[in-house]
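The block underneath contains the structure these notes are about, expressed in structure tokens.
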């Protein structure tokens, strides 16, 4: 006999907004003092033992398989879970418990990157903007288009790098190349991008050739730890550190120290946790294997351990929430094309991923941080932040 009372008690303490639950036997239960904002429908039972052992995976897989359905705004429903401190999803201890101990060796890191990024450039082209930028945008106004926000973001980071013509720039995890190509064209620097994604590597090579930038931009298919006998005036990393893993964070900062010239400057753009670092088990299994969201405290400690000088720290949390909202909207608008190559389970998985991440940033469950730090003293940096906004 199914213990429905267990599910009722769990769901009663899960949402901060009014909700209506329809159980597998047709019974409807409303929680909250007003009309429900969402409806959650169970077409079948979700395993009690799996819920107790790993609630994130149990709920995630149930949604992917169509066992549970949501009527209403999926992002707002997930945000309702995160905002409720009684919910299992808002408990930071859960994340520490679910953290998988995987060693991100060079081989493992390449496999992890391929799992997410090498599912086809054509897939990403469907819902990213024209710049093919797959990281947090920078919205000068909430009305900015996604393309404008991504161009703003690249410009904002390049200003933070305080680039001078003829300098050398390394982009660790260069994506589809928008930042290194813009840096070379606008600032006259010698830019190197590195990636572990073969799809991204081929795309960047194509852009370098098409735009006749072979003398100023190069791209390598290589793990950052394998770069040797090179030094750079500036090093940037955008959305890559999340793939490094907790046990390898020190390697990242040590390598940046090795590669950065004395007086050089680095900008690190990464998702952070305001509390203890960790990862979500469903995200780890289906989206970013081997990933880890570090806490701000962890990263500041690593920066200090390498005797870097922390110059600036900026939060772009709201900007990433807005970026993900636009990605999720774009994704829904191209489902007809997505269905030509992907099945419904994949579609539901990506819908859940994009909306859950948007909800996480919206509620402050996670953050997006940009760190600026220097190797040694650099007094050539402007005295104020005014230069960033001119």
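The values are calculated or read from the model by the stated rules, or taken from the named source; none is laboratory data. Not measured: the values here are computed from a predicted model. Cβ atoms come from the backbone with ideal geometry, glycine included; neighbour counts cover every protein chain shown.
Could you tell me whether residue 133 is under 18 Å from the mean Cα position of the chain (by Cα) and at pLDDT below 95? So residue 133 fits the description; yes. What do you reckon, is residue 262 touching a strand residue (DSSP E or B) at 6+ places or on another chain (Cβ under 7 Å) and surrounded by 22 or more Cβ atoms within 10 Å (Cβ to Cβ)? Considered against the rule, which asks whether it is touching a strand residue (DSSP E or B) at 6+ places or on another chain (Cβ under 7 Å) and surrounded by 22 or more Cβ atoms within 10 Å (Cβ to Cβ), residue 262 comes out as no. Could you look through the range 1-22, keep only residues that are part of a loop (DSSP other than H, G, I, E, B), surrounded by fewer than 15 Cβ atoms within 10 Å (Cβ to Cβ) and in contact (Cβ under 8 Å) with a residue 12 or more places away in the chain, and pick out the one that is nearest to the chain's Cα centre (by Cα)? It comes out as 13. Listed conditions (1) under 15 Å from the mean Cα position of the chain (by Cα); (2) under 22 Å from residue 316 (Cα atoms); (3) modelled with pLDDT of 95 or more are all met by residue 329, apart from (1). A count restricted to the range 203-226 and to residues that are without any contact (Cβ under 8 Å) to a residue 40 or more places away in the chain and surrounded by fewer than 21 Cβ atoms within 10 Å (Cβ to Cβ) stands at 15. When the range 141-167 is filtered for residues that are more than 21 Å from the chain's Cα centre (by Cα), buried (at least 17 other Cβ atoms within 10 Å of the Cβ) and closer than 18 Å to residue 218 by Cα, the ones remaining, listed by number, are 163, 167. Say whether the condition of being assigned to a loop (DSSP other than H, G, I, E, B) and more than 30 Å from residue 54 (Cβ to Cβ) is met by at least one residue in the range 231-243. Within the range 231-243, one or more residues are assigned to a loop (DSSP other than H, G, I, E, B) and more than 30 Å from residue 54 (Cβ to Cβ). Considering the conditions (1) in a helix (DSSP H, G or I); (2) farther than 24 Å from residue 365 by Cβ; (3) modelled with pLDDT of 95 or more, residue 225 is excluded by exactly one of them, (3). Looking only at residues of the range 53-78 that are closer than 19 Å to residue 278 by Cβ and in a helix (DSSP H, G or I), we find that the one that is modelled with the lowest pLDDT is 53.
Checking each residue in the range 199-213 for being in contact with a strand residue (DSSP E or B) (Cβ under 8 Å, 6 or more places away or on another chain) and within 20 Å of residue 186 (Cβ to Cβ) picks out 204, 208.
Quick grid of which residues meet (1) modelled with pLDDT of 95 or more; (2) within 18 Å of the chain's Cα centre (by Cα); (3) surrounded by 19 or more Cβ atoms within 10 Å (Cβ to Cβ):
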{"position": "298", "(1), (2), (3)": "yes, yes, no"}
{"position": "307", "(1), (2), (3)": "yes, no, no"}
{"position": "311", "(1), (2), (3)": "yes, no, no"}
{"position": "321", "(1), (2), (3)": "yes, yes, yes"}
{"position": "324", "(1), (2), (3)": "yes, yes, yes"}
{"position": "341", "(1), (2), (3)": "no, no, no"}
{"position": "370", "(1), (2), (3)": "yes, yes, yes"}
{"position": "374", "(1), (2), (3)": "yes, no, yes"}
{"position": "378", "(1), (2), (3)": "yes, no, no"}
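With the condition kept exactly as written, say whether any residue in the range 155-163 is assigned to a loop (DSSP other than H, G, I, E, B) and farther than 24 Å from residue 380 by Cα. No, the range 155-163 has no match at all. Restricting the first member to the range 142-168 and to residues that are assigned by TED's automatic domain parsing to the domain that holds residue 129 and over 18 Å from residue 386 (Cα atoms), and the second to residues that are in a helix (DSSP H, G or I) and at pLDDT 95 or above, the beta-carbon pairs closer than 6 Å and six or more apart or on different chains are 146/326. Candidates in the range 227-241 are the residues that are surrounded by fewer than 19 Cβ atoms within 10 Å (Cβ to Cβ) and in contact with a strand residue (DSSP E or B) (Cβ under 9 Å, 6 or more places away or on another chain); of these, the one that is nearest to residue 280 (Cα to Cα) is 239. Looking across the range 174-202, the residues that are part of a loop (DSSP other than H, G, I, E, B) and buried (at least 19 other Cβ atoms within 10 Å of the Cβ) come down to 174, 175, 176, 177, 189, 196, 197. Looking only at the range 23-34, decide whether some residue is surrounded by fewer than 18 Cβ atoms within 10 Å (Cβ to Cβ), assigned to a helix (DSSP H, G or I) and at pLDDT below 95. No, the range 23-34 has no match at all.
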